[in-house]
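What follows is a short report on a single structure.
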Number of protein chains: 4
Amino acid sequence: MAPSNVDSIRALIAQAVLFRDERDWAQFHTVKELAISLVVEAGELLQELQWYKEEDQARVAAEKGEALKAELGDVFFSVLLLAHELQVDLGEVFLGKLKKTGEKYPVDKSKGSPRKYTEL
Amino acid sequence: MAPSNVDSIRALIAQAVLFRDERDWAQFHTVKELAISLVVEAGELLQELQWYKEEDQARVAAEKGEALKAELGDVFFSVLLLAHELQVDLGEVFLGKLKKTGEKYPVDKSKGSPRKYTEL
Amino acid sequence: MAPSNVDSIRALIAQAVLFRDERDWAQFHTVKELAISLVVEAGELLQELQWYKEEDQARVAAEKGEALKAELGDVFFSVLLLAHELQVDLGEVFLGKLKKTGEKYPVDKSKGSPRKYTEL
Amino acid sequence: MAPSNVDSIRALIAQAVLFRDERDWAQFHTVKELAISLVVEAGELLQELQWYKEEDQARVAAEKGEALKAELGDVFFSVLLLAHELQVDLGEVFLGKLKKTGEKYPVDKSKGSPRKYTEL
């Protein structure tokens with residue numbers, strides 16, 4: 001059985017590209033514009049969580065669950081189109097990143113610490 | 001056959017969570033901190049494309065391909081952890097978003113236009 | 001006596017513009033690029049404060065004081081150039097904003113609350 | 001004659017702090033929250049300029065002048081409060097920054113170039 005469309009990054013990218021091409025929007029979707037879009041949408045997600053104190057975060061995140069989901073969907077849209085434009089295999093890049101980050105932050109040194117690897 | 005790990009969002013989320021839990025980092029990964037992380041990483045991606053004029057964008061994007069890929073990998077890491085914390089099925093949310101956006105931007109009205117749906 | 005240069009917004013803008021024009025950088029400093037610059041620099045400032053928990057914030061802000069100052073200086077540079085390009089009198093716009101915000105958030109309703117005005 | 005209030009950074013900071021203290025908002029205005037606020041507001045400013053092509057930027061910036069001014073006012077509010085919290089003299093930091101940047105980007109090497117100083 002093929003990977004279900006809804007869990008396959010490649011299938012979702014294909015959907016995103018189809019949506020874009022039907023509207024002839026590729027001309028606006030330069031890498032730079034998509035990067036702008038990503039930072040704008042990420043800012044909107046963060047805005048939902050602004051001003052609240054740490055002890056209220058869990059409650060606020062729950063109350064605003066639907067809004068946060070929608071913003072994360074917008075962010076993911078930009079990520080998919082960027083992956084397409086940059087011809088990036090998101091899964092591969094991510095797993096490669098995880099490996100490198102694991103080398104910078106070995107479990108024994110980084111466990112329970114928020115410090116940057118240069119400060120470990 | 002199961003979806004290949006590298007293309008399955010759920011499998012990648014499982015990897016991200018495993019990586020985090022080995023380092024006991026869940027305590028730092030509140031929804032708010034992950035949203036901060038997302039906006040910071042998105043800013044780094046955009047920074048790579050700063051100052052260049054439109055006619056140089058394609059060349060710059062090509063030259064900086066590796067850096068851009070790495071930054072997109074960082075962004076995707078935050079997206080995966082956010083999806084986990086918010087218990088969001090990224091694919092479902094994305095496809096739902098696509099449907100709604102399609103209603104706001106019908107092909108015949110939005111084709112070739114950068115205008116916001118409120119200005120169509 | 002004229003306002004001291006170091007406290008006068010107009011004098012600082014004049015310095016910023018002079019610096020730019022000596023380098024023939026106006027061609028890169030479109031409003032859009034300056035807005036990109038602003039969001040990138042703001043992201044760098046936020047990055048210095050990432051991951052730390054609320055109870056450690058005061059200590060971290062103190063330790064990173066110099067880095068935070070430098071990032072705020074970068075942000076302010078973009079703000080000054082944007083004010084110049086948009087022909088905005090920063091002080092006037094700010095005082096106008098304060099007046100409007102004060103109407104949205106009257107003292108008696110907003111005192112001690114982090115809620116948005118639409119939720120008061 | 002004293003610097004007019006509307007052009008004096010220190011006078012504007014005093015106004016911002018007064019506004020905040022009347023509402024008992026200092027408790028929410030940690031350095032981290034103000035940095036979040038800054039990045040969120042900068043994102044909103046950038047959003048106004050999203051998707052348009054370079055040749056349309058001047059027209060769009062003109063059409064959206066009022067919205068851009070208002071967003072810049074929001075950004076400046078965060079900058080003023082951050083300067084207060086970090087006990088930064090904005091003018092001094094900016095002039096120091098300008099000096100250092102001038103050393104990294106000497107006029108003869110950087111004139112007309114968008115390159116980073118590490119690439120000059």
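Note: relative contact order over segment B:2-120, using C-alpha pairs below 8 Å and six or more positions apart, is 30 percent. Divide the volume of the convex hull around the Cα atoms of segment A:14-95 by the residue count and you get 116 Å³ per residue.
Taken residue by residue and averaged, Cβ atoms of other chains lying within 10 Å of the Cβ of B:77-86 number 4.
With a Förster radius of 56 Å applied to the C-beta separation of B:Leu98 and D:Glu92, the computed FRET efficiency comes to 0.65.
In terms of packing, defined here as the mean over residues of other Cβ atoms within 10 angstrom, the peptides C:39-49, D:16-26 line up highest first as C:39-49, D:16-26. Result for chain D in a Gaussian network model with C-alpha springs under 10 Å: among D:Lys100, D:Lys64, D:Lys109, the largest mean-square fluctuation is at D:Lys109.
Per residue of D:7-16, other chain Cβ atoms within 10 Å of the residue Cβ number 5 on average.
From the largest down, the protein assembly as shown spans 81, 48, 43 angstrom on the principal axes of its Cα atoms.
Among D:Ser78, D:Ser37, D:Ser110, the largest mean-square fluctuation in a Gaussian network model of chain D (Cα springs under 10 Å) belongs to D:Ser110. Centre-to-centre separation between the Cα atoms of segment D:1-52 and those of segment A:37-116: 26 Å. Put a dot 7 Å past the Cα of B:Ala26, heading toward its Cβ, do the same for C:Ala62, and the two dots end up 3.3 nm apart. Take each residue in C:99-105, count the other chain C-beta atoms within 10 Å of its C-beta, and the mean is 2.
Per-residue ellipticity at 222 nm computed for the protein assembly as shown from its helices equals -20500 deg cm²/dmol, with DSSP H segments shorter than 4 residues left out and the rest contributing -39,500 (n - 2.57).
Structure remark: mean-square fluctuation, Gaussian network model of chain B, C-alpha springs under 10 Å; the largest value among B:Leu82, B:Leu72, B:Leu38 belongs to B:Leu72.
Rule-based calculations on the coordinates, nothing more; no lab input. Not measured: the values here are computed from a predicted model. For neighbour counting, all protein chains shown are included, and Cβ atoms are generated from backbone atoms with ideal geometry for every residue, glycine included.
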